[in-house]
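Down below is the structure, laid out as structure tokens.
The values are calculated or read from the model by the stated rules, or taken from the named source; none is laboratory data. In this text, all values refer to a predicted model and were calculated from it rather than measured experimentally. Using ideal geometry, Cβ is built from the backbone for each residue, glycine included, and neighbour counts are taken over all protein chains shown. Ligands, DNA and RNA are stripped out before the accessible areas are found, and what is left, the full protein with its side chains, is counted by its heavy atoms. Shrake-Rupley method; radii C 1.70, N 1.55, O 1.52, S 1.80 Å.
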Amino acid sequence: TFLQELLMMNYRVRYTVHPMDVQMAVFHCADVFLKQLMVTKLSQCQFALPLLVPDPFTRQIEFPLWTFRQINKSWKIRNTNNESIRQTQPIYKTQTPMVFFFRFGSVSSSKSQLMNSLINEKHDTFFHRNCPGSSRTRVLMDGVVEITWFCPSGSDNDKFTDCVAFCNLHGDAGDHEKQLQILTEMSSVNVVLLPRLDRNAERIHNLFQNKKPLICLFTQDETTVTETNKGKFKIGLKDRNQSDVSEELRRAINECLSESSSTFRLEDVSKHSDVRVDEEDDDDCRRGRAAAQQMMSLLEKKDLTEIKESFLPHQGKLWHQWSQKNRELHRPRGDEIEMEI
């Protein structure tokens, strides 16, 4: 029924459905296990993942923590001796810096497209207005926060030297105060797009007073990067080369990250009282998590050989004995004729 309503709503507005509306409609209709499969596949294809999802009817914000449980990320960093070190961690408990992008009002530049240029110029991690199939009207994306991670390869060409999370709030941030509050509190750097300062002076003043680094991108301004105060930057976007803007923004973010010690952990989003967590409210999630924790408790503080002997006895001595007897039983003999073999 929900999908039918979505299709009819889009049909009245135009004759095509926005691709991200299709994704979010399926996400809303799926159970927690299908949601987890969807998010795992999106991660494997290097697409952004839903982090905060407003309910289309109640506007209650959901944090689908369960969907991230199967995702691991790998990256390489260089130590003080310039040696490359590989790290692999479950993403839900990895501590990384986080850069939060949002906008006030209607802007002429694509925030998502700008983020893509920072993360991967050859691949659209975030769907944006200039992607094939995109259209001006969408139904289900406003208020959704998506997240992705930049994972360095350990080379000199890396845009960022450590794993960095990037969050993207869709829609006007002024209409989504809860998401704005949660992410600006948890971020290491805040990046805001807006046409001019005059219409949003109070909001920007509050962000400016905050100790968190702030980068303001003005779509109606032509100025290059300017540091107005320590950790506060201003960059103009109007009539400017996209590559130059991306490079200035990347340098500003790196400078802010070098001065900031705050880190972000995905699991900590569940601590906010205004957010509904799927693992706490869904019965299937609770049972699945309890079963997983029970299994892990049996394996903790045991040597691998002891675990196999205790829980998988047939894979030890008995397995070797069975294999040997099986080979002897089916070994060809000289007196057997071809038909018997």
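Ignoring the sites themselves, the chain has its longest run without GluC sites (Glu not before Pro) in a DSSP loop having at most 13 other Cβ atoms within 10 Å at 122-221.
Here the stretch 48-166 has an Rg and Dmax of 16.5, 55 Å, counting Cα atoms alone. For the stretch 219-341, what percent of Cα pairs sit more than 20 Å apart? In whole percent, the share of Cα-Cα pairs in the stretch 219-341 beyond 20 Å is 75. With 20 Å as the limit, write out which pairs from LYS76/LYS301; LYS211/LYS232; LYS178/LYS212 have Cα-Cα distances beyond it, or answer none. From LYS76/LYS301; LYS211/LYS232; LYS178/LYS212, over 20 Å: LYS76/LYS301.
Where only DSSP H runs of four or more residues are counted, the chain gives -11000 deg cm²/dmol as its mean residue ellipticity at 222 nm, each run worth -39500 (n - 2.57).
If you average the sequence gap of Cα pairs under 8 Å that are 6 or more apart and divide by the length of the stretch 89-156, what percent do you get for the contact order? Each step should come with its number before you reach the end.
Numbers: 24 pairs, mean separation 12.6, N = 68.
Over the stretch 89-156, the number comes to 19 percent.
Only helices reaching 15 angstrom along their own axis (Cα) with mean Kyte-Doolittle hydropathy no lower than -1.0 count here, and for the DSSP H runs of the chain these are 2-13, 19-29, 32-44, 242-259, 283-299.
Three principal axis extents describe the C-alpha atoms of the chain; from largest down they are 96, 59, 44 Å. Sequence-distant contacts, meaning Cα pairs under 8 Å at least 6 residues apart, place the relative contact order of the chain at 18 percent. When you filter the trypsin sites (Lys or Arg not before Pro) in the stretch 263-312 for DSSP loop state and at most 10 other Cβ atoms inside 10 Å of their Cβ, you are left with LYS301. Here the stretch 131-222 is treated with +1 on each Lys and Arg Cβ and -1 on each Asp and Glu Cβ, and its dipole about the Cα centre works out to around 160 debye. Ignoring ligands, DNA and RNA, what percent of the accessible area of the stretch 201-341 is carbon or sulfur (1.4 Å)? Heavy-atom surface of the stretch 201-341 belonging to carbon and sulfur, 1.4 Å probe: 49 percent. Amide H contacts under 5 Å for ILE61: ASP55, ARG276, restricted to partners 5 or more places along the chain or on a different chain, H placed in the peptide plane at 1.01 Å from N.
Taking every alpha-carbon pair under 8 Å whose residues sit at least 6 apart, the stretch 57-216 reaches a relative contact order of 27 percent.
What number comes out for the charge environment of ILE182, summing +1 per Lys or Arg and -1 per Asp or Glu over other residues with Cβ under 13 Å away? Summing Lys and Arg as +1 and Asp and Glu as -1 gives -2. Counting every pair of alpha carbons in the stretch 276-329, the share spaced more than 19 Å apart comes to 55 percent.
Leaving out ligands and nucleic acids, note down the accessible area per residue over the chain with a 1.4 angstrom probe, in whole Å².
About 57 Å² of surface per residue is accessible.
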